[in-house]
Amino acid sequence: MSMYGGKELANAFRTVRKNTIRVAEDIPEDKYDFVAAPEVRSVGRMLTHVAISTRIWEEIHKNGLTTLVDFDFFGMMDKFNAEEAKPRTKAEIVELLGTEGEQFAAWLETLTPEMLSEMVTVADGSGAKSRFEQLLGVKEHEMHHRAQLMLIERQLGIVPHLTRQFNDRIAKMRAGQTA
């Protein structure tokens with residue numbers, strides 16, 4: 001059985017980030033202040049949140065922490081909130097998504113099976129998860145926010161790029177062409 005390792009994590013993450021960047025590019029800059037509902041981040045802030053959220057996992061796993069019991073999540077959240085609140089243009093946010101994403105993916109590529117199999121105690125001390133499982137959560141987190149952004153695209157009258165691609169494949173299939 002082959003192991004899903006660092007290189008595979010990096011490639012999967014790059015695919016997810018590429019699609020997030022595409023969503024960021026498709027939403028007009030004048031809609032980056034759009035807030036879909038009370039207590040929801042604006043489009044720009046959500047994209048910034050996604051861009052920088054990899055930093056927490058790099059800090060935990062690059063430093064080889066084996067327990068999150070005493071990790072200062074609230075201090076980290078305060079830093080993230082301050083970073084997210086900085087005014088940025090659409091171009092700056094798209095660039096941040098690209099640079100932060102590639103930095104994280106390049107680091108993922110370096111992870112060995114031994115490191116990925118190390119166990120890290122969760123914050124409440126109730127158990128442990130492998131670094132691999134925790135790092136899969138990074139991709140899941142981004143996909144969660146991208147789903148929110150794709151719904152926001154619909155609210156703004158934009159058909160998401162993945163839907164457009166799917167519809168194009170279906171149209172070609174119906175026309176007797178291969179996808």
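The values are calculated or read from the model by the stated rules, or taken from the named source; none is laboratory data. Please read these numbers as outputs of a predicted model, since none were measured by experiment. Cβ: placed from backbone, ideal geometry, glycine included. Neighbour counts: every protein chain shown. Just the protein is used for accessible areas: all its heavy atoms, side chains included, with ligands, DNA and RNA removed. Shrake-Rupley method; radii C 1.70, N 1.55, O 1.52, S 1.80 Å.
Quick one: count up the residues across region 1-52 that are over 15 Å from Gln148 (Cβ atoms), among the small types (Gly, Ala, Ser) and part of a loop (DSSP other than H, G, I, E, B).
Within region 1-52, residues that are over 15 Å from Gln148 (Cβ atoms), among the small types (Gly, Ala, Ser) and part of a loop (DSSP other than H, G, I, E, B) number 2.
Can you pull out every residue in region 91-106 that is open to solvent by 40 Å² or more (accessible area, probe 1.4 Å) and not hydrophobic (A, V, I, L, M, F, W, C)?
Glu92, Glu95, Thr99, Glu102, Gln103
Can you find even one residue in region 70-81 that is more than 24 Å from Leu151 (Cβ to Cβ), assigned to a loop (DSSP other than H, G, I, E, B) and either aromatic (Phe, Trp, Tyr) or at pLDDT 95 or above (or both)?
Scanning region 70-81 turns up at least one residue that is more than 24 Å from Leu151 (Cβ to Cβ), assigned to a loop (DSSP other than H, G, I, E, B) and either aromatic (Phe, Trp, Tyr) or at pLDDT 95 or above (or both).
Scan region 131-179 for residues that are free of Cβ contacts under 8 Å to residues at least 24 places away in the same chain and either in a loop (DSSP other than H, G, I, E, B) or at positive phi (or both) and report the count.
Total satisfying the criteria: 7.
When Gly64 is evaluated against the numbered criteria (1) at positive phi; (2) at pLDDT 95 or above, which criterion, by number, is the only one it fails?
(2) is the only condition that Gly64 fails.
Considering only region 1-11, state which residues are open to solvent by 20 Å² or more (accessible area, probe 1.4 Å) and either at pLDDT 95 or above or under 15 Å from Glu133 (Cα atoms) (or both).
Met3, Tyr4, Lys7, Glu8, Asn11
This table checks each residue for (1) modelled with pLDDT under 95; (2) over 22 Å from the mean Cα position of the chain (by Cα); (3) open to solvent by less than 50 Å² (accessible area, probe 1.4 Å).
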{"position": "Lys86", "(1), (2), (3)": "no, no, no"}
{"position": "Glu109", "(1), (2), (3)": "no, no, no"}
{"position": "Glu114", "(1), (2), (3)": "yes, yes, no"}
{"position": "Gly125", "(1), (2), (3)": "yes, yes, yes"}
{"position": "His141", "(1), (2), (3)": "no, no, no"}
{"position": "Leu162", "(1), (2), (3)": "yes, no, no"}
{"position": "Gln165", "(1), (2), (3)": "yes, no, no"}
{"position": "Lys172", "(1), (2), (3)": "yes, yes, no"}
{"position": "Gly176", "(1), (2), (3)": "yes, yes, no"}
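For Ile56, only one of the following conditions fails: (1) over 20 Å from the mean Cα position of the chain (by Cα); (2) at pLDDT below 95; (3) of a type outside the set (Phe, Trp, Tyr). What is its number?
Result: Ile56 fails condition (1) only.
If you go through region 101-133 one residue at a time, how many are among the basic types (Lys, Arg) and touching a His at 6+ places or on another chain (Cβ under 9 Å)? If you could, list the steps in order and put the result at the bottom.
Taking region 101-133 and keeping what is among the basic types (Lys, Arg), we get 129, 131.
From the residues that got through so far, the ones that are touching a His at 6+ places or on another chain (Cβ under 9 Å) too are 131.
Residues meeting the conditions: 1.
Could you say which residue among Glu114, Glu39 is under 25 Å from Gly125 (Cα atoms), of a type outside the set (S, T, N, Q) and out of contact with any Gly (no Cβ under 7 Å at 6 or more places or on another chain)?
Working: Glu39 fails: under 25 Å from Gly125 (Cα atoms).
Going through Glu114, Glu39 in turn, the sole match is Glu114.
Within region 19-40, take every residue that is within 19 Å of the chain's Cα centre (by Cα) and over 18 Å from Val159 (Cβ atoms) and give me the one that is most open to solvent (accessible area, probe 1.4 Å). Before the answer, list the steps.
Narrowing region 19-40 to residues within 19 Å of the chain's Cα centre (by Cα): 19-27, 32, 40.
Next, from what is left, pick out any that are over 18 Å from Val159 (Cβ atoms): 32, 40.
Working: Tyr32: 13, Val40: 55 Å².
Of everything passing the filter in region 19-40, Val40 is most open to solvent (accessible area, probe 1.4 Å).
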